[in-house]
Amino acid sequence: MGSVVQIQPPTYGNLVTILSIDGGGIRGIIPGTILAFLEKQLQELDGPNVRLADYFDVIAGTSTGGLVTAMLTAPDENRRPLFAAKDIVPFYLENCPKIFPQYTGKFASLMKMYRAMRGPKYSGHNLHKIVKEKLGKRKLLETLTNVVIPTFDIRLLQPVVFSTYEAKTNVSKDASLSDICISTSAAPTYLPAHYFETKDSQGTTRHYNLSDGGVAANNPCLLAIGDITKEIFSGNPDFFPIKPMDYGRFLVISLGTGSSKVERKYSAKKAAKWSVINWLYDNGRTPLVDVFSQASADMVDLHISVVFQALRSEQNYLRIQDDCLTGTLASVDVATEENLANLVKVGEQLLKKPVSRVNLETGLFEPVDEGTNEEALIKFAKVLSDERAVRLQRSPSTHSMFVKYKHG
């Protein structure tokens, strides 16, 4: 098609489509590589102008995944995504060294520890500057498809989820995308918490004191599913006639940013002697952040896997994750040129690895006999393309355009 039509509601199709992207700092390069491959497959099917936002009813992202979500869904002046998926990795390669400047030299380790004791490891100045320059004044409700981005309010001690569905009825949630991205990326000990204000429909000020979304949901997939379920319960016509528990009609791609399980970095024998300082800083890593972010992501994957396997619809859920990262590859902030380049290689190698799924007995992520992640994404791209075509054909607003396109 000459001009690409924005995604039509699920009521005109057969599936509800969800893309979810974990948090993980510089490791956002890994899902960035995978997303570029998926979008390329979709372009081979439907033309060079299509983008991921044209296929997913909801894109959810936490921390670095929240930034990627905004990049994929924020509109340009032509109401098309600001970034193509292929632009994500170059963006990270260019900007991560500015966001996470590295200490070098003989006293680098001491400088890191000194900084960690006095405040966040990084000032956040460059993150704020870059995000505000790229996203401008665009707000949540301007995104080209629905998004879900979690944060955590440290004043209220509760999660705050920025969802386009909720923002349609709660004006105070229609915050600027830059404020949302800065907030969801504000990982404790790494980047400073973020404060901003919005107004509700009566003009009352709402105050936000926000930190990293990974505190609440490092893997935001379940939040996206929950948001859609609430919309179905509320009678949103976009989901007619889908039932609230009709998860067999959900198509979900969930992308991790890698973990270091194989390295077995920590042990009870070692941790038993740790002080508060050790939990916050151990050989360049932050054990407390590692623990809660990994636990959060794994529990979500386990829960979703149970549901999809119980409904015998495992083929509709694809989780792509690498739990074999070691050394600096497992860090969220070692933004050296070498490490960033190696993360690109991790993403490329992950595409060639076998599809894996959590073993419900052991809780471990294990390969299954379903080909490689690359082959799985090619299959998912075909399903997404077919679903989009069905919606365009059935929707009264796009039917004539679809017929014209099909018949040249």
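DSSP beta bridges fully contained in the chain are about 55 percent antiparallel. Rolling a 1.4 angstrom probe over the chain with all protein chains present gives an accessible area of which 56% lies on carbon and sulfur atoms. Over the Cα atoms of the chain, the radius of gyration divided by the Kirkwood radius equals 0.96; this is the Rg/Rh ratio. According to the Kirkwood relation over distinct C-alpha pairs, the hydrodynamic radius of segment 136-198 is 12.1 Å. Annotation: peptides 381-390, 61-70, 226-235, 9-18, ranked by per-residue average of other Cβ atoms within 10 Å with the highest first, follow the order 61-70, 9-18, 381-390, 226-235.
For a quick check: with amide H placed at 1.01 Å from N, whose amide H comes under 5 Å from THR151's, ignoring anything fewer than 5 positions away on the same chain? So THR151 has HN proximity to VAL160, VAL161, PHE162. A viscosity of 1.567 mPa s and a temperature of 4 °C, combined with the Kirkwood radius over Cα pairs in Stokes-Einstein, give a translational diffusion coefficient for segment 11-114 of 84 µm²/s.
In order along segment 41-53, the Karplus-derived 3J(HN,Hα) couplings, from 6.51 cos²θ - 1.76 cosθ + 1.60 at θ = phi - 60°, round to 5, 5, 5, 5, 8, 10, x, x, 8, 6, 9, 4, 5 Hz, and Gly and Pro are given as x. A simple count of charges around ASN95, restricted to other residues whose Cβ falls under 11 Å of its Cβ and scoring Lys, Arg +1 and Asp, Glu -1, yields +1.
With bins 10 Å wide beginning at 0, the percent of Cα pairs of segment 6-58 falling in each bin runs 22, 45, 29, 4. Across segment 290-295, rounded Karplus estimates of 3J(HN,Hα) from the backbone phi angles (6.51 cos²θ - 1.76 cosθ + 1.60, θ = phi - 60°) give 4, 5, 6, 6, 5, 4 Hz, Gly and Pro being marked x.
When the pairs LYS139/LYS199; LYS98/LYS129; LYS137/LYS168; LYS98/LYS173; LYS98/LYS134 are compared against a 22 Å limit on Cα-Cα distance, LYS98/LYS173 fall above it. The phi-based Karplus calculation (6.51 cos²θ - 1.76 cosθ + 1.60; θ = phi - 60°) puts the 3J(HN,Hα) values of segment 143-160 at 4, 7, 8, 6, 10, 9, 9, x, 9, 9, 8, 7, 7, 8, 6, 8, x, 10 Hz, whole numbers, x for Gly and Pro. In terms of Cα atoms, the Rg and Dmax of segment 306-408 work out to 19.3, 55 Å. Measuring nothing but alpha carbons in segment 79-236 and taking Rh as the Kirkwood radius, the Rg to Rh ratio lands at 1.01.
When peptides 177-185, 356-364 are ranked by their average number of other Cβ atoms within 10 Å per residue, the highest-first order is 177-185, 356-364. Ranked by the mean number of other Cβ atoms within 10 Å of their residues, highest first, the peptides 41-49, 247-255 fall in the order 247-255, 41-49. Treating the Cα atoms of segment 177-262 as identical point scatterers in vacuum, please give the log10 of the normalised Debye intensity I(q)/I(0) at q = 0.13, 0.20 Å⁻¹, two decimals. The Debye formula, applied to the Cα set alone, gives -0.68, -1.04. Put the Cα centre of segment 21-89 next to the Cα centre of segment 337-358 and the gap is 17 Å.
Partner aspartates and glutamates whose Cα lies under 15 Å from the Cα of LYS353, excluding those fewer than 8 positions away in the same chain, are identified as ASP322, ASP323, GLU366, ASP369, GLU370, GLU374, GLU375.
The residues SER123, SER275, sorted by heavy-atom accessible surface at 1.4 Å with ligands and nucleic acids left out, run SER123, SER275 from largest to smallest.
The values are calculated or read from the model by the stated rules, or taken from the named source; none is laboratory data. Keep in mind that this is a model prediction, so the values were computed, not measured. Neighbour counts run over all protein chains shown; Cβ positions are idealised from the backbone, glycine included. The area values use the complete protein model at the heavy-atom level, side chains included, leaving out ligands, DNA and RNA. Shrake-Rupley method; radii C 1.70, N 1.55, O 1.52, S 1.80 Å.
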